[in-house]
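To start, the structure itself, in structure tokens.
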């Protein structure tokens with residue numbers, strides 16, 4: 001017999017395999033990992049567009065700042081979107097030149 005915890009964790013920790021999509025959406029935040037993963041999915045052809053989002057904390061009234069890997073992505077960002085855009089652009093430049101991009105794709 002399965003325990004309640006096993007049923008609960010099956011629901012909470014679901015991991016789906018990525019599938020082709022029209023756009024990869026990156027919710028606003030101060031961590032670069034999600035945007036970096038979105039860039040990898042874009043490079044692998046899962047979607048032609050990546051859309052970062054985010055303004056800033058409504059509680060603080062400003063962007064809380066880079067929360068991880070600040071030595072790599074440090075800077076003065078006014079919004080989460082600006083920060084995530086920078087992560088995506090750096091990831092794009094890190095692995096390929098503009099001429100190597102798939103024809104017709106748009107990347108932030």
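What follows draws every value from the coordinates through simple rules; no lab data is involved. What you are looking at is a predicted structure, and each value in this text was computed from that prediction instead of being measured. Here the Cβ is made from the backbone with ideal geometry for all residues, glycine too, and neighbour counts use every protein chain on show.
Annotations for the structure displayed:
- Residue count, the range 58-93 (criterion: in contact (Cβ under 8 Å) with a residue 24 or more places away in the chain and not in a helix (DSSP H, G or I)): 8
- Here is the figure for the range 16-41: residues that are out of contact with any helix residue (DSSP H, G or I) (no Cβ under 8 Å at 6 or more places or on another chain) and assigned to a loop (DSSP other than H, G, I, E, B) total 8.
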